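Each value in this text was obtained by applying a stated rule to the coordinates, not by laboratory testing. Remember, predicted model here, so these are calculated numbers, not experimental data. Cβ: placed from backbone, ideal geometry, glycine included. Neighbour counts: every protein chain shown.
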Amino acid sequence: MRSLRVQFIAFVTVLLVLLLVLLNTYPIISSRDAVLEEKRSSLTGQAAVLSSSLSSLDRLNRESIAEVLRFLDIGGFSRILVTDDEGLVLYDSGGPTGVVTDIPDVYTAITRSQTVFHPLFSDSAFSCGIAMPMSSQGAITGAVYLCEHDAERAEIILSFQSRIRTLSVVIGSFALLTACLFMALIMRRLRELVLSMRVVAAGDYSYRHPIRGQDEIAELGAEFNLLTERLESTEQQRRRFVSDASHELKTPLASIRLLADSIVQNEGMDPATVREFVTDIGNEAQRLQRTTEKLLSLSRLDDTTVKLTPEPVDVKQAALDALVFLRPLAKERQVHIHSELDEGCVVMATQDHIFQIIFNLIENAIKYNVPEGSVILRLQALEDTVQLSVEDTGIGIPEEDRPNIFSRFYRVDKARSREAGGSGLGLSIVHDAVLAYGGSITVGQNKPQGSRFVVSFPLATPEETGI
């Protein structure tokens with residue numbers, strides 16, 4: 001958490017430094033360039049006027065040049081210098097005449113016949129010099145050099161720069177303080193969320209994180225609460241599952257132990273009674289075996305590390321195989337089975353799971369039916385769906401129990417379920433297997449009485465079947 005705070009403050013600080021550097025450089029540079037451009041224009045104009053006026057004179061000397069300067073009213077420069085075509089100084093407001101000038105810009109103007117402007121901003125002043133050649137009848141006759149020293153405008157710019165720096169410090173400090181306060185608030189809310197996670201991690205799944213605001217952290221807290229609700233529901237289901245599983249396994253084990261103890265403790269028990277007790281022990285062992293097999297099936301469906309490999313499965317053939325095994329049970333329970341099976345009902349699943357789905361649905365329809373009742377199995381190939389329905393005329397499922405019938409170990413009528421040998425796991429296996437292959441299952445009432453289960457699977461495409 002500290003690392004995140006440091007990273008955020010460092011990022012804001014770097015961003016502020018970059019913005020303040022830009023704020024302290026761009027306006028000053030723009031102002032300086034604007035002043036220098038203005039001086040270039042002004043000096044170029046005055047130098048051109050002076051050069052043109054001097055070029056028209058028949059004779060250049062100090063007196064004639066001074067007269068022209070007075071006539072043109074050119075002044076305010078720190079230095080005015082006029083030379084001939086060899087660089088000999090004819091007029092210099094800041095030095096002696098009759099000597100060769102040492103100003104490089106003047107030589108450049110004479111030898112290259114071009115105007116040279118040399119701006120300089122130093123020592124809290126603008127120092128600008130311009131050298132312009134003089135010509136007469138296409139020949140270079142000398143050069144004019146004007147130099148201006150402007151401290152007033154430089155002082156204005158430097159004062160402006162000082163104010164910007166002061167303002168930058170104030171703005172930067174305020175922005176950094178605001179960022180720290182904002183980050184402290186964010187970190188406080190994140191710490192609260194972390195504390196909520198620790199409470200839930202300790203096992204209190206009923207705890208809910210208080211939601212404040214409508215930002216991303218509030219959204220994160222809402223998602224955390226939804227996850228906690230799922231964890232609480234899962235934990236309740238786990239505890240109920242463990243309790244129900246223990247009870248389901250304990251009951252046949254207790255019966256087996258009681259019957260075995262009865263045989264051991266009664267040495268004079270007649271063979272018929274012993275055979276009856278051993279038969280009961282075998283029945284309880286089969287019940288125990290069926291329960292463990294169903295638990296293993298559910299465990300395999302829940303195991304996300306086990307990858308299911310779907311293959312084309314003919315649902316009609318799986319239904320016919322299931323009917324072969326279940327018709328003796330239907331005959332024993334005096335239940336009539338009718339089937340309407342369409343061709344071409346191929347889905348992507350596994351043969352065992354499709355068989356298990358159909359077997360469990362029909363077996364339940366038989367076990368919880370009435371004498372002389374009926375079970376109707378329909379299989380239809382719709383546009384892009386395979387629909388399997390199982391209807392019975394049995395005891396039915398109350399509407400209030402329908403949302404829970406796919407829960408593990410859930411029984412509508414516990415006494416009737418135990419009598420029929422049900423463990424409350426069959427529909428859970430059907431439900432999980434259907435969902436594992438992208439299908440859906442619904443349950444409703446079969447009027448006038450009974451239940452109707454409808455299972456839908458995506459119809460296998462020619463690309464999947466290879467046909």
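Between Arg5 and Glu38, how high is the FRET efficiency from 1/(1 + (r/R0)^6) when r is the Cβ-Cβ distance and R₀ = 45 Å? Nearest 0.05. Provide the component values of the computation, followed by the final result.
Values: r = 50 Å, r/R0 = 1.11.
So the FRET efficiency works out to roughly 0.35.
In summary, the aspartates and glutamates within cross-link reach of Lys331, defined as a Cα separation below 13 angstrom excluding same-chain residues under 8 places away, comprise Glu363, Glu372.
Below 13 angstrom from the Cβ of Ile80, what's the summed charge of the other residues (Lys, Arg +1; Asp, Glu -1)? Intermediate results must be reported in sequence, preceding the final value.
Values: positive: Arg62, Arg70, Arg79; negative: Asp73, Asp92, Glu148.
Counting the neighbours of Ile80, the net charge comes to 0.
In this rough spin-label picture, where each label sits 7 Å from Cα along the Cβ direction, the Ile74-Arg208 distance is 8.9 nm. Taking label points 7 Å from Cα along the Cα-to-Cβ direction, Leu435 and Ser93 give a separation of 9.6 nm. Quick one: if the Förster radius is 25 Å, what FRET efficiency do Leu176 and Ile29 give, using the C-beta to C-beta distance and rounding to 0.05? That pair, Leu176 with Ile29, gives E of 0.45.
Run the numbers for Ala272 and Val199: contour at 0.36 nm per residue of separation, minus the present Cα-Cα distance, in nm.
Details: separation 73, 0.36 × 73 = 26.28 nm, distance 6.18 nm.
Full extension from Ala272 to Val199 adds 20.1 nm.
Multiplying the residue separation of Leu185 and Glu311 by 0.36 nm and removing their Cα-Cα distance gives an extension gain of 39.8 nm. Straightening the chain between His336 and Glu399 buys 20.1 nm, computed as 0.36 nm per residue apart minus the Cα-Cα spacing.
Where (i) 72, 62, 43; (ii) 157, 54, 40; (iii) 80, 51, 46 are the candidate values, the label of the one calculated here for Cα extents along the principal axes in Å is (ii).
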